[in-house]
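The values are calculated or read from the model by the stated rules, or taken from the named source; none is laboratory data. Note that this is a predicted model, so its numbers are computed, not measured. Cβ coordinates were reconstructed from backbone atoms using ideal geometry, including for glycine residues, and neighbour counts include every protein chain displayed.
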Amino acid sequence: MDLLIRNLPFILQGLAMTLGLALATLFFATIISFVLGTLATLHFGWLRVLVKIYVELFRDIPLIVNIFFVFFVAPLFGLELSPFAAVTVGLSVWGSANGIEIVRGGFNAVPKHQWQSAAALGLKTWEIYLFITGPQALRAILPPFVGLLTLLVQATSLGALVGVNEFFKVGQIIVERTTMMEGWNPAFTVYAAVLLTYFVICSTLTWFGRWLERRLKRDRPQARPGAVTVAQPAAQLP
Amino acid sequence: MEFDVAYLTAQWPALMRGLWLTVQVSALSIVLSIVVGVLGAAARVLQVPVLDKLIVGYVEFIRNTPLLAQLFFIFYGLPGLGLRLSLFWSGVLCLTVWAGAYQIENVRGGLETVGKGLREAAFSLGLSPWRYFRLVAAPMAIRVGLPSMLNTSISLLKNSSYLQAIGLAELTYVAIDRISMDFRTIEMFAAICVIYLVLVLFLSFLASRLEYRLNTPFRT
């Protein structure tokens, strides 16, 4: 407890850093996911293949390797990234690989006749995406995206490995400092507290995601008998 | 900055040692996590009092905390309770606990598709809960739950790279270690990316084969 009070400003800084990292990553990952995910639903074979390769590549390579890669390789090309920037890039790429699948799944969940009717009415492709299929797909996309945000918040802890002073790193530093300066090891308490804090943040998000999912389901207009109901794409594991 | 193949061949044995450790840790944890998953899911579906609530809490906790923090808690925190594990077994424990939580959900998802009627029928025929589970529920559930179970196993393999953070000399650790000594960044990353890709794609391939085989009786 004493430890907590003494280090409070430091801990809060760490939390702010974690949040900043998560939001920055979410921002970029969302943009990439929506652009590439939407492109992947268009009828260009080669484009689809490219997006597929991107998704498979960054989902199959461990996230840690991904982050280290950005951190170590970017300087070789004359790009001096700060640890914060390196982690943001690494996480955004990984997050968007997962996000693309969510967006694509969302668009695929929109019944085909929606597209066909819109096209028959003479709407242009971008109009269909913006006004017809987009809003419907969003219902299926939003809840898993909250799940993705949860994963991103958890993944920001990897920033500690390349030296971003985010929440987890702060815990690590406190443990080391106390062991060195005061001669006792508070690892158990500190890491337990760290776990609990992450749990509170992430389970709030998870709970929000579930609420959103229920809410969006309830608002959905009643399906007519015979209408095709499509299962929600399940959120993918990290 | 040219690609040095000779360097890579020189470092190959070290990488292979790392890979072997990665495979060992992952294989052991995958098996153990599936055991945890099956037992946990059974307890939840059979609604064992108290235990099922505990399992819900366990699953929620693991899913909402970062793996890295769990790992540090196990490796650096648990000795505070007098439980000191070697690097290897800390790694196995951590990955098992992590993946076990997901496997419980996967198996439970499968078990839930086994209808209530079947369960009542089995019990009224005098099957014990264990025999119901083994003879009726498990064979049906495994077909539904298998894809997600295999997905979790593949994630586990990838996440074994987290263990480099505590200093277990698995594949990623070896690569990062060599990079900090020789600065052959591109070569090393190319090597481990390819190795991980091959591993994951190979497992995915096995997974799809297995699914195909298990679904044989249901294919028309």
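Return only the number of the condition from (1) under 25 Å from A:LEU196 (Cα atoms); (2) part of a helix (DSSP H, G or I); (3) within 12 Å of another protein chain (Cβ to nearest Cβ); (4) modelled with pLDDT of 85 or more that B:PRO79 does not satisfy.
(4)
Looking at region A:41-98, which of the residues that are aromatic (Phe, Trp, Tyr) and under 26 Å from B:LEU68 (Cβ atoms) is farthest from the other protein chains (Cβ to nearest Cβ)?
Only one residue fits best here, namely A:PHE84.
Take B:LEU146 and tell me if it is more than 24 Å from A:TRP94 (Cα to Cα) and either within 14 Å of chain A (Cβ to nearest Cβ) or in a helix (DSSP H, G or I) (or both).
yes
Residues A:LEU3, A:LEU36, A:LEU8: which one is among the hydrophobic types (A, V, I, L, M, F, W, C) and at pLDDT 85 or above?
A:LEU36
Kindly establish whether A:ARG6 is under 14 Å from the mean Cα position of the chain (by Cα) and among the charged types (D, E, K, R).
No, not satisfied.
Give just the number: which of (1) buried (at least 18 other Cβ atoms within 10 Å of the Cβ); (2) within 14 Å of chain A (Cβ to nearest Cβ); (3) within 30 Å of A:ILE174 (Cβ to Cβ) does B:ARG84 not satisfy?
Single failed check for B:ARG84: (1).
When the residues of region B:87-120 are narrowed to those that are part of a helix (DSSP H, G or I), surrounded by fewer than 20 Cβ atoms within 10 Å (Cβ to Cβ) and over 19 Å from the mean Cα position of the chain (by Cα), which ends up farthest from the other protein chains (Cβ to nearest Cβ)?
Per the criteria, the residue is B:GLU120.
Each row is one residue, and each column tells you yes or no for (1) more than 8 Å from chain A (Cβ to nearest Cβ); (2) touching a helix residue (DSSP H, G or I) at 6+ places or on another chain (Cβ under 6 Å).
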{"site": "B:LEU163", "(1), (2)": "yes, yes"}
{"site": "B:GLY167", "(1), (2)": "yes, no"}
{"site": "B:GLU170", "(1), (2)": "yes, yes"}
{"site": "B:ARG178", "(1), (2)": "yes, yes"}
{"site": "B:THR185", "(1), (2)": "no, yes"}
{"site": "B:MET188", "(1), (2)": "yes, yes"}
{"site": "B:VAL200", "(1), (2)": "no, yes"}
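Would you confirm, using the coordinates I've provided, whether B:TRP20 is under 16 Å from the mean Cα position of the chain (by Cα) and without any contact (Cβ under 8 Å) to a residue 12 or more places away in the chain?
For B:TRP20, the condition - under 16 Å from the mean Cα position of the chain (by Cα) and without any contact (Cβ under 8 Å) to a residue 12 or more places away in the chain - is not met.
Of all residues being polar (S, T, N, Q) and assigned to a loop (DSSP other than H, G, I, E, B) in region A:148-203, which is surrounded by the most Cβ atoms within 10 Å (Cβ to Cβ)? Just the residue, please.
Step by step, filter region A:148-203, then rank; the result is A:ASN165.
What helices (runs of 4 or more DSSP H), lying completely within region A:60-131, carry at least 1 residues that are under 21 Å from the mean Cα position of the chain (by Cα) and either surrounded by fewer than 24 Cβ atoms within 10 Å (Cβ to Cβ) or not hydroxyl-bearing (Ser, Thr, Tyr) (or both)?
Answer list for region A:60-131: A:63-73, A:83-109.
Here are the criteria: (1) farther than 19 Å from A:LEU158 by Cβ; (2) surrounded by 12 or more Cβ atoms within 10 Å (Cβ to Cβ); (3) more than 8 Å from chain B (Cβ to nearest Cβ). Tell me which single one A:ARG214 does not satisfy.
Condition (2) is where A:ARG214 drops out.
Quick check on this structure: which one of B:ALA69, B:ALA41 is out of contact with any His (no Cβ under 8 Å at 6 or more places or on another chain), among the hydrophobic types (A, V, I, L, M, F, W, C), facing chain A (nearest Cβ under 10 Å) and crowded, with 23+ Cβ neighbours inside 10 Å?
Testing whether each residue is out of contact with any His (no Cβ under 8 Å at 6 or more places or on another chain), among the hydrophobic types (A, V, I, L, M, F, W, C), facing chain A (nearest Cβ under 10 Å) and crowded, with 23+ Cβ neighbours inside 10 Å leaves just B:ALA69.
Would you mention how many residues in region A:78-88 are without any contact (Cβ under 8 Å) to a residue 60 or more places away in the chain and not polar (S, T, N, Q)?
The total comes to 5.
Can you spot a residue in region B:51-60 that is surrounded by fewer than 18 Cβ atoms within 10 Å (Cβ to Cβ), assigned to a helix (DSSP H, G or I) and within 10 Å of chain A (Cβ to nearest Cβ)?
yes
Using beta carbons and a limit of 7 Å, which pairs, at least six apart or on different chains, have the first residue in region A:138-161 and at the interface with another protein chain (Cβ under 8 Å from one of its Cβ atoms) and the second one among the basic types (Lys, Arg)?
A:ALA160/A:LYS169
Residue check, B:LEU46 against (1) in contact (Cβ under 8 Å) with a residue 12 or more places away in the chain; (2) within 20 Å of A:ALA192 (Cα to Cα), all met but one. Which one?
B:LEU46 satisfies every listed condition except (2).
Run down B:ARG184, B:ARG209, B:ARG178 and say which single residue is within 17 Å of B:SER153 (Cβ to Cβ) and among the basic types (Lys, Arg).
B:ARG209 is the lone residue from the list that is within 17 Å of B:SER153 (Cβ to Cβ) and among the basic types (Lys, Arg).
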